[in-house]
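Heads up, the thing below is written out as structure tokens.
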Amino acid sequence: MADAGIEAVEKVLPGLRKQHQFDLVIAQAENVTNGRGITLLDFNRLQKAGVDFFTGGNHIFDNDSIFPELSDPARPIVRPANYPVGTPGLGHKYIDTPAGKVLVVSLLGQIVGKQAAHALDNPLKVIDSILQSQKDVERAATVVNFHGDYSSEKVIIGHYLDGRATAVIGDHWHIPTADARVLPGGTAHITDVGMCGALDSSLGVTYDSVVSRWRDGTQTRNMMETSGARQFNAVLIETTDTGLAKSITPIRQIL
């Protein structure tokens, strides 16, 4: 999240790639640039650090320099697929990896913060439609990123897609949950993967900029924490030759 998150990725990811020989690294780009979306400059910076593909959330349209990338099928970034028809950008794309083609899908939960009242298509119905439309495409894996507020919704979509997706990875809380597992049908799932960014912060934001919001109900502006320790959170997923998951292992490093 913000520069602290980018710096954590730059410090940790190259070593992890060398150690584990990843076929594919996917990052959520929702809060990369000053906590709101991602610019093309930061997109390129994270690619250089070793990120292969980016998913989006409710802030993905906050920086217009990324719009052309979202609409280009060849560029490795997607916006949530369940935005209404006519929304710019694509919600699912393929990326070629040493193991074969991988389908990456981004989805928004139906309740997401201040944007809860915005019109969204039902994520379960949208993912059904995508998987049906891509059923004849041979691929090594299908990865679904689910960006949402409710743990119940994140858990439900994991079970709903069990056996139909390689992984369903939840986020938006910025705090990793302790429920990473391979579901009975072979889908790797975690309710929230956590964030990369400032450790001593409120979801990447300075404590001082939000305390009065909770204590006094005042409107305050989020100020990104730029000092102190960093955290790097991720999951490592090992797949089988059937396109399902063999294991999911949380990775957490404090810098």
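The values are calculated or read from the model by the stated rules, or taken from the named source; none is laboratory data. Because the structure is predicted, anything quoted here is derived from the model rather than measured. When we count neighbours, we look across all protein chains shown, and the Cβ atoms used for this are built from the backbone with ideal geometry, even at glycine.
What's the number of the condition L24 fails, among (1) touching a Phe, Trp or Tyr at 6+ places or on another chain (Cβ under 9 Å); (2) on the phi > 0 side of the Ramachandran plot?
(2)
Looking only at the range 23-34, how many residues end up being within 19 Å of V205 (Cα to Cα) and buried (at least 22 other Cβ atoms within 10 Å of the Cβ)?
6
With T33, T39 as the choices, which residue is within 29 Å of E153 (Cβ to Cβ), at pLDDT 95 or above and polar (S, T, N, Q)?
Result: T33 is the single residue among T33, T39 that is within 29 Å of E153 (Cβ to Cβ), at pLDDT 95 or above and polar (S, T, N, Q).
Please give the number of the condition V102 fails out of (1) aliphatic (A, V, I, L, M); (2) in contact with a Lys or Arg (Cβ under 8 Å, 6 or more places away or on another chain); (3) closer than 28 Å to V12 by Cα; (4) surrounded by fewer than 22 Cβ atoms within 10 Å (Cβ to Cβ).
Looking at each condition in turn, V102 falls short on (4).
Can you tell me which residue within the range 29-61, out of those that are touching a Pro at 6+ places or on another chain (Cβ under 7 Å) and touching a residue at least 60 places away in the same chain (Cβ under 8 Å), is farthest from G15 (Cα to Cα)?
Restricting to residues being touching a Pro at 6+ places or on another chain (Cβ under 7 Å) and touching a residue at least 60 places away in the same chain (Cβ under 8 Å), the top hit is G57.
Conditions (1) closer than 17 Å to H189 by Cβ; (2) buried (at least 19 other Cβ atoms within 10 Å of the Cβ); (3) at pLDDT below 95; (4) touching a Leu at 6+ places or on another chain (Cβ under 8 Å), marked per residue:
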position: T218; (1), (2), (3), (4): no, no, yes, no
position: N222; (1), (2), (3), (4): no, no, yes, no
position: S227; (1), (2), (3), (4): no, no, yes, no
position: Q231; (1), (2), (3), (4): no, yes, no, yes
position: L244; (1), (2), (3), (4): yes, yes, no, no
position: I248; (1), (2), (3), (4): yes, yes, no, yes
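Check whether at least one residue in the range 87-109 is closer than 18 Å to V126 by Cα and free of Cβ contacts under 8 Å to residues at least 12 places away in the same chain, and report yes or no.
yes
Counting only residues that are closer than 14 Å to R252 by Cβ and of a type in the set (A, V, I, L, M), which one in the range 172-206 is surrounded by the most Cβ atoms within 10 Å (Cβ to Cβ)?
Residue satisfying both the conditions and the ranking: M195.
Within the range 145-254, which strands (runs of 3 or more DSSP E) (wholly inside it) include 3 or more residues that are of a type in the set (S, T, N, Q)?
Counting at least 3 such residues, we get 230-239, 245-254.
Of the residues A49, A4, A81, only one is under 23 Å from H118 (Cα atoms) and among the aliphatic types (A, V, I, L, M); which?
A81
Looking only at the range 137-165, count every residue that is over 19 Å from D52 (Cβ atoms), surrounded by 15 or more Cβ atoms within 10 Å (Cβ to Cβ) and in contact with a Lys or Arg (Cβ under 8 Å, 6 or more places away or on another chain) and tell me the total.
2
One residue is enough: does the range 80-96 have a residue meeting the conditions surrounded by 19 or more Cβ atoms within 10 Å (Cβ to Cβ), within 19 Å of N145 (Cβ to Cβ), in contact with an Asp or Glu (Cβ under 7 Å, 6 or more places away or on another chain) and not β-branched (V, I, T)?
yes
Here's a check for you: in the range 35-63, which residue that is under 30 Å from T240 (Cβ atoms) and of a type in the set (F, W, Y) is surrounded by the fewest Cβ atoms within 10 Å (Cβ to Cβ)?
F53
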